[in-house]
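Novice: The structure is given below, and queries will be raised subsequently.
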Amino acid sequence: MIPLLAMIRKDLQLFFSDRRSVIVSFVVPIAIASFFGSIFNGPRTGEPAKIAVMVIDQDETAISKAIVAGTSADRNLKVTVADADAARDSVRRGKTAVAVIIPKGFGDAAGSAFFNNGAKPELELAYDPSRNTELAMVRGIMTQYVMEAVSREMFGGAQGRKYLEQSLPQVESSSGLDAAQKAALLQMLRSVQGFYNTPGQAGSSGDAPRGITMPYTVKEQAMTSGNNVVYNGYAHSFAGMAIQFLLFAMANIGVEMLLERQRGLWKRLRSAPVSRTTLLAGKVLSGAIISLMILGVCFLFAMIVFGVRIEGSLAGFVGVSVACALMASTFGVLVAALGNSPATARGVTTLAVLMMVMLGGAWVPTFIFPAWLQQFTLIVPVRWAVDGLDGMTWRGIGLSGALAPIAVLLIFAIGFSLVAALRFRWEEG
Amino acid sequence: MPILDVRHLRKSFGRLVAVDDVSFTLEAGKLVGLLGPNGAGKTTTVSMVSGLVTPERGDVLIAGKKLGGDTDPAKRRIGLVPQDLALYEELSAMANLKFFGALFGLSGGRLDKAIGAAMELVGLVDRMKDLVKTFSGGMKRRLNLAAGLLHDPDILLLDEPTVGVDPQSRNAIFDNLEELKRRGKALLYTTHYMEEVERLADRIVIIDHGKVIADDTLNGLQSRLIPAGGPSSGERLNLETVFLTLTGRSLRD
C-alpha cells in the first residue's frame, strides 16, 4: 500500500509542479467551454435567436405591405426594410442571412394566380450560402405571410373586390368553358361577391381578420429536466471541453511515462519489490484523480458562473465522472504501452484525442451528425461520457440513465488496461 | 558464503546472445569491477542481477537464496544506481527520496532517518529542499547514489556512476564508495574508467561478447598476462593494457 500511495502522491506532485499543464488542464477548457456555451446556449429568456432579414417592398400594394407587416412582427425574424442593392450587399458581407425582395406587380399577379392559373409572381430570396438552414426557415415563414396576405386581400380587400368585378363579366362572356364549368365558377364568384356585401365585411368593419389563416397554433415545450427549467447550453459545452482536456492531460501522462523510461526511472521503479500491477495501478489511480479534479473544477465553475445544475441524479453524475476518469487514465497508460518514443506518441495521441472528442460530440452535439455516423460514434467512449454527463445535468435523467454510460466507460477502461498490461515493455535491458 | 552469487546467466535478444554463461561472486565489504567494451553485456548482466530482466538460464542468489519475481523481498537487499540520472527533475531532492524510499516500504520516521543518512553520506543535506533541476551534474550523480542507498541494501549495483562529473565530484563519490565498503556493503561497479577500477576494485571481472573472459584481482590479471606474450616481467602493466590485451583493439561501436 505504501508504494501505491507514494506513486499517486508523486504523480500529483509532478502534475501540479508543471504550471503549463495546470493552466492547459484547468483554465483552457473553462475558457473554451464558456465560448462554446455562449454560442449554443441561446438567450436565457426562452426566446429563439432571431434571423437577420432585410425586406425590400418594390410593390407597395396592400398585399406587399401586409407581408412586410407580418414578417416584421414575427418572433423568429429581425426585419430591416432596405433597398435592393443595400440588402444584397449586406447579405454578401454576411451581415444579413436573407434578403426578401417583393417585386413590382407582385400583389396583382399573386391575386390573379390565387383564383386561376395566372402566371405566378416570383418572390426573390437573396441568401448567404453559408446559412442554408436559416434560408429554409425564412422560406417557410414567408409562405405563411404571403398566403395570409393574399387570401385576406382576395376575400375582403379592395384589390379582391376589383379583381372580382373584372372577373365576373369575363367569365360570363367566356366561350372557352363548358356550360357546367362556367356555371360553377360563376356561382363561386357570386358567392364571394355576396360575402363581400355581407354587413361587417369588405371594409364595413374595417379591421376584422379575413382570408386564409394558419389553421393551428404551436405550443413549444423544451424537454429539459422539468417545467420552467430553461435549457443550459453551458452544461454540454463544459462536459465536452472538460473531457477533451482531461484526455489531453492523460495522454500527456502516457508520454511522460515514456520519458521516464528514457531517463532510466523505470529501472529504479522496477528494481523495487513492487508488482507490475501496483506500478500500473499507481499510474491509473493518479490519472483518475487528476481527471476527476479537472471535471470537478470545470463543472464547479459552470455551476457558479453559468448556473449549470445537476438536474438528474447526483450519484449518477459522480458515477459517470468516475467511470470517465478511469477510462481517460487507462487511455494514458495505453499510450505509454503502445508508444515507441515520446515524440511520435505525442503526435499520434493528439490526433487520437481530437478524433475521439470530435466524434464523441464534445464539440457539437451528435444529433447534427448523419444517421450512420450517430450509430458509428457509439464505439467512441467520449460519446458515452458526454451523453452520460448531459443526461445527469440539463436532461435531468435519473440514476438509471447513468448505468449504461458507466458500464460502457468501465468496459473501455478494462479493455485499455488489459491491452496496456499485455503490451507494456517491462524488461529493461 | 558470498552475498551475491551469479550462476551461468544467459540472455538473448532475438538472435543476439547478449549474455552467455556469466558467473561470478561478490562478498560483503568488497567491490568487484565489471569491465567490458561497449555491447559486451555488462548492463544486461546488471539488469538481470537487479531483477529488471529475467534470465533465460542461470540464477542470481542473494545470500544463498535464489532471487524470485518482481515482489521478492530479497530485492530489498539490492540497491540500484542506474547509469541514467533516474531522478524527477521537477521535484525536490527530498520528494525524490521520499518516493524512492516508499517504493521499498519505508515510511514515517524510518524514511526520514534513511533520507538524512543518505544525504549526509553524499554531502547534500543543505540542498534537501531544492529542486533537482537546480543541481549541478555532480550533485545529481551524488543524489542518484543516495537514492540507491535509502533502504540500506547489502548489495549496491553501480552502473557507470561517475559519467559526466567533474574530478571533485568523482572523488567525493569514490570516498562515499570506500565508506560503504567499510560498512560492509558489497559493490558491483561497471565503468569505462580504468583508473577508477584500479583505485576501488578488490576484484575485476572482464566481459566480452557476453562471456566472462577474466575474473581476478588486478595483480592476478597482470601476472597472468606476462607469460602470455605481454610486456616483459620487469615492466608494470596498467589495467588499460590488460584490458586491451584481453579484449583486442578493434572498435566495438
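Novice: What does the buried accessible surface come to for A and B, summed over both chains, with the probe at 1.4 Å? Round to 100 Å².
Specialist: 2800
Novice: Another one. Order the peptides B:124-132, A:389-397, A:245-253 from the highest to the lowest mean number of other Cβ atoms within 10 Å of their residues.
Specialist: Working: B:124-132: 14.9, A:389-397: 23.3, A:245-253: 26.0.
Averaged packing, sorted descending, gives the order A:245-253, A:389-397, B:124-132.
Novice: Follow-up question, since we're still on this one. What does the accessible area of residue A:271 come to, in Å² to the nearest 10, when a probe of 1.4 Å is used?
Specialist: Roll a 1.4 Å probe over it and residue A:271 shows about 10 Å².
Novice: Using R₀ = 25 Å, calculate the FRET efficiency as 1/(1 + (r/R₀)^6) where r is the Cβ-Cβ separation of residue B:65 and residue A:277; round to 0.05.
Specialist: After rounding to 0.05, the efficiency reads 0.55.
Novice: Now a separate question. I want the antiparallel fraction of DSSP beta bridges within the protein assembly as shown, as a percent rounded to 5.
Specialist: Percentage antiparallel, nearest 5: 50.
Novice: Given a 1.4 Å probe and heavy atoms of the protein chains only, how would you sort A:148, B:89, largest accessible area at the top?
Specialist: Solvent-accessible surface, decreasing: B:89, A:148.
Novice: I'd like the accessible area for residue A:34, computed on protein heavy atoms only with a 1.4 Å probe and all protein chains in place. Round to 10 Å², please.
Specialist: 20
Novice: Hey, got the average number of other protein chain Cβ atoms within 10 angstrom for residues in A:14-20?
Specialist: Mean shielding count: 2.
Novice: I've got another one for you. Taking a cut-off of 16 Å between Cα atoms, list the aspartates and glutamates near residue B:11, but don't count ones fewer than 8 places away on the same chain.
Specialist: Of all the aspartates and glutamates, those that pass the test against residue B:11 - Cα under 16 Å, at least 8 places apart if same chain - are A:427, A:428, B:20, B:21, B:56, B:59, B:208.
Novice: For residue A:198 and residue A:378, what is the calculated FRET efficiency with R₀ set at 56 Å and r taken between the beta-carbons, to the nearest 0.05? All intermediate terms of the calculation are to be shown ahead of the outcome.
Specialist: Working: r = 63 Å, r/R0 = 1.12.
For R0 = 56 Å, the calculated efficiency reads 0.35.
Novice: Here's another thing I want to ask about it. How much length is gained on full extension from residue A:81 to residue A:422, taking 0.36 nm per residue of separation minus their Cα-Cα distance?
Specialist: Taking residue A:81 through residue A:422 to full extension adds about 115.8 nm, to one decimal.
Novice: Please work out the average accessible area per residue across the protein assembly as shown, using the 1.4 Å probe convention, and give it in Å².
Specialist: Each residue of the protein assembly as shown exposes 46 Å² on average to a 1.4 Å probe.
Novice: Residue B:238 to residue B:113: FRET efficiency via 1/(1 + (r/R0)^6), r the Cβ-Cβ distance, R0 45 Å, to the nearest 0.05? If you can, show how the numbers build up before the last one.
Specialist: Numbers: r = 43 Å, r/R0 = 0.95.
Step by step, r from the Cβ atoms, then E = 0.60.
Novice: Could you please state how large a percent of the accessible area of the protein assembly as shown is carbon and sulfur, counting protein chains only and using a 1.4 Å probe? Walk me through the intermediate numbers first.
Specialist: Numbers: 18150 of 31620 Å².
Whole-percent figure for carbon plus sulfur exposure: 57.
Novice: Keeping every protein chain in place, order B:103, A:418 by accessible area at 1.4 Å, biggest value first, i.e. largest first.
Specialist: A:418, B:103
Novice: Using Cα positions and a limit of under 19 Å, work out the lysines in reach of residue B:30, with same-chain residues fewer than 8 apart set aside.
Specialist: Counting by Cα, and skipping residues close in sequence, residue B:30 has these lysines nearby: B:42, B:181, B:185.
Novice: How well do other chains shield peptide A:276-285, expressed as the mean number of their Cβ atoms within 10 Å of each residue Cβ?
Specialist: Details: counts 3, 2, 3, 2, 0, 0, 1, 0, 0, 0.
Counting Cβ atoms of other protein chains within 10 Å of each residue's Cβ and averaging gives 1.
Novice: Straight distance only, please: which aspartates and glutamates reach the Cα of residue B:65 with their own Cα at less than 16 Å, same-chain residues fewer than 8 apart left out?
Specialist: In chain and number order, the partners are B:5, B:27, B:154.
Novice: In debye, nearest 20: dipole of chain A around its Cα centre with unit charges on the Cβ of K, R (+) and D, E (-)?
Specialist: Values: 37 positive and 29 negative charges, 390 e Å.
So the magnitude is around 1880 debye.
Novice: Let me ask you something else. Kirkwood hydrodynamic radius, computed over distinct alpha-carbon pairs, for the protein assembly as shown: how many Å, to one decimal?
Specialist: Its Kirkwood hydrodynamic radius stands at 32.1 Å.
Novice: Same structure, new question: Can you give me the Kirkwood hydrodynamic radius for the range A:1-148, using every pair of distinct Cα atoms, in Å to one decimal?
Specialist: 19.2
Novice: Would you work out the relative contact order for chain A, in percent, from Cα pairs under 8 angstrom that are 6 or more residues apart?
Specialist: Value for chain A: 18 percent.
Novice: Label-point separation (nm) for residue A:367 and residue B:175, each offset 7 Å from Cα along Cα-to-Cβ?
Specialist: 7.6
Novice: Give the Rg (one decimal place) followed by the Dmax (whole number) of the range A:325-429, computed from C-alpha coordinates and expressed in Å.
Specialist: For the range A:325-429, the Cα radius of gyration and maximum Cα-Cα distance read 15.6, 54 Å.
Novice: Taking a 1.4 Å probe, which of B:160, A:60, B:90 shows the most accessible area, and what order do the others take after it?
Specialist: A:60, B:90, B:160
Novice: Next question. Given chain B, report the % of alpha carbon pairs whose separation exceeds 25 Å.
Specialist: 45
Novice: Restricting to lysines 8 or more places apart or on different chains, can you count the pairs in chain A with Cα atoms under 24 Å from each other?
Specialist: 19
Novice: Viscosity 1.567 mPa s, temperature 4 °C: give me the Stokes-Einstein translational D for the range B:18-107 in µm²/s, with Rh taken as the Kirkwood radius over C-alpha pairs.
Specialist: Here the translational diffusion coefficient equals 85 µm²/s.
Novice: Given the options B:123, B:45, B:134, identify the residue whose Cα lies farthest towards the positive end of the charge dipole of the range B:19-167 (+1 on Cβ of Lys, Arg; -1 on Cβ of Asp, Glu).
Specialist: Value computed over the given set: B:123.
Novice: On the first, second and third principal axes, largest extent first, how far apart are the outermost C-alpha atoms of the range B:77-193 in Å?
Specialist: Largest first, the range B:77-193 extends 38, 31, 21 Å along its Cα principal axes.
Novice: Taking beta carbons within 10 Å but only from partner chains, what does the mean come to for residues B:49-58?
Specialist: Per residue, the number of nearby Cβ atoms from other chains is 3 on average.
Novice: Using label points projected 7 Å from each Cα along Cα→Cβ, tell me how many nm separate residue A:31 and residue B:15, to one decimal.
Specialist: 5.5
Novice: Turning to a different aspect of this structure: With every protein chain left in place, what is the accessible area of residue A:367 in Å² (1.4 Å probe, nearest 10)?
Specialist: For residue A:367, solvent-accessible area is about 150 Å².
Novice: Quickly work out the residue A:184-to-residue A:89 label distance, labels modelled 7 Å from Cα along the C-beta direction, and quote it in nm with one decimal.
Specialist: With each label point 7 Å from Cα toward Cβ, the separation is 5.4 nm.
The values are calculated or read from the model by the stated rules, or taken from the named source; none is laboratory data. Computed from a predicted structure; not experimentally measured. Cβ sites come from the backbone with ideal geometry, for glycine too, and all protein chains shown count toward neighbours. Keep in mind that these areas ignore ligands, DNA and RNA; they rest on the heavy atoms of the full protein, side chains included. Shrake-Rupley method; radii C 1.70, N 1.55, O 1.52, S 1.80 Å.
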